[in-house]
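Worksheet: one structure, shown below.
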Amino acid sequence: MDFTFGPRAEAFRTEARAWLAEHLTPTTTNGRAWERELGAHGWIGLGWQTPDGERAPLDGARGPYGNRHGSLVEQVVWGEEYARAAAPSRCGHIGENLLAPTLLAHGTAAQRDRFLPPIARGEELWCQGYSEPGAGSDLAGVRTAAVRDTGAADYRVTGQKIWTSLALDADWCFVLARTEPGSTRHRGLSFLLVPMDQPGRVEVRPIRQMSGESDFNEVFFDGAYASVDHRVGAEGDGWRIAMALLGFERGVSTLVQQIGFARELDDIMALAVDNGAVDDPVLRDRLIRQWADLRIMRWNALRTLGTTDPAAPSMSKLLWGRWHQRLGELAMAVRGAPASAGPVLRPASSSSVAESDDPNADLPYQLDSLQRMFLFSRADTIYGGSDEIQRTIIAERVLGLPKEPRP
């Protein structure tokens, strides 16, 4: 199988690389300003496709929502160049890559016209309200309720969501809520678009991780309003919509993610050469194995790109989750004793630390990038669907094995 890209894609790569080189500066940071910069030049929503199959025009022209179009290969190229340029982490990717394709496939024309242009311009940010304290891997256990009085134009949403990325910055949250009292499992759920700016009705609490950072949040809804016009799909059809959204979660993003993995592996290999760890035959073998497995993941992702293979998303998650955990463990082994001897202690009193932009300025220690990567990678086999859930999906939906007993 030919895994090379053609001349059109390489011309697109040249354009993307040049734009990033021009617009990325040493002061470019993750945030709304960068999202608006991307949106102003049409780089948000390259893969959006309307229900009638139309896409934004080629050659840099804009589509109906203000975005450019990129073929599947060009989307991969853009993602690779973005990662290779070490551009900031996106704070608008949930709206762009999850909600927008869902609205294009299942939303109304009014919903698409309302929500897609501000996503394409980088002006409105989204978060995902799925997991709950009692409904994580078993998402059908959702208990957040949305009540609507007869004839009312709004639902009133009450409940708690957890592990919600970007909730502190989000303008909107798409919420899976139970709209049929007394319903159980996947029945009686609806997919609602809820505005986050509702003081006293929506509260966001950051969750401090063992790395000291707060990438996730708890979200509490206390009678928050959600318009009936902003329900995607019919009432009670939320499970189907929610599962369709999860189908957009992987694909091109897997290949892009691997560019970041390769950069981390390069850093670890360079460290191994610098500190002499590469002379250890066991560590040298582990480094080579990580490199080879990363190449295999890339070839597998290219092989399944654009296919409808039902096993592909779960297999991809199983492969990269455990690979990245092994990389974190390898980083600590290459670092040797300094990695486990303890982090760098901060001065007892330091105004420069207290007044810095460091999110961990209140902690008595500071982790380096490899330590943070190791600690965060412990969650790689849990978030986004745990390894156990992925194996169950493959067993039941691909291999046709008997389903697990469920209440």
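The values are calculated or read from the model by the stated rules, or taken from the named source; none is laboratory data. Bear in mind the structure is a predicted one, so any value in this text is a computation, not a measurement. Cβ atoms come from the backbone with ideal geometry, glycine included; neighbour counts cover every protein chain shown. Accessible surface areas use protein heavy atoms only, side chains included; no ligands, DNA or RNA. Shrake-Rupley method; radii C 1.70, N 1.55, O 1.52, S 1.80 Å.
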TODO: Out of the residues in the stretch 283-323 that are aromatic (Phe, Trp, Tyr) and within 23 Å of the chain's Cα centre (by Cα), state the one that is surrounded by the most Cβ atoms within 10 Å (Cβ to Cβ).
DONE: 320
Task: Wholly enclosed strands (runs of 3 or more DSSP E) of the stretch 187-231 bearing at least 2 residues closer than 30 Å to residue 370 by Cα and open to solvent by 40 Å² or more (accessible area, probe 1.4 Å) - done: 202-207
Open item on the list: For the structure I just gave you, tell me whether residue 134 is among the small types (Gly, Ala, Ser) and out of contact with any Phe, Trp or Tyr (no Cβ under 9 Å at 6 or more places or on another chain).
Closed with: yes
Task: the stretch 162-201: number of residues that are more than 21 Å from residue 229 (Cα to Cα) and in contact with a Pro (Cβ under 9 Å, 6 or more places away or on another chain) - done: 5
- [ ] For residues that are of a type in the set (Phe, Trp, Tyr) and not in a helix (DSSP H, G or I), scanning just the stretch 1-44, find the one that is least open to solvent (accessible area, probe 1.4 Å).
- [x] 43
- [ ] Only residues that are crowded, with 19+ Cβ neighbours inside 10 Å, of a type in the set (A, V, I, L, M, F, W, C) and on the phi < 0 side of the Ramachandran plot: list them for the stretch 163-173, please.
- [x] 167, 170, 172, 173
- [ ] State the number of residues belonging to the stretch 367-382 that are at pLDDT below 85 and surrounded by fewer than 16 Cβ atoms within 10 Å (Cβ to Cβ).
- [x] 3
- [ ] Filter the stretch 235-272 for residues that are assigned to a loop (DSSP other than H, G, I, E, B), modelled with pLDDT under 80 and at negative phi and give the result.
- [x] 247, 248, 249, 250
- [ ] Starting from residues that are more than 19 Å from the chain's Cα centre (by Cα) and open to solvent by less than 20 Å² (accessible area, probe 1.4 Å), keep the ones in the stretch 253-282 and report whichever is farthest from residue 75 (Cα to Cα).
- [x] 277
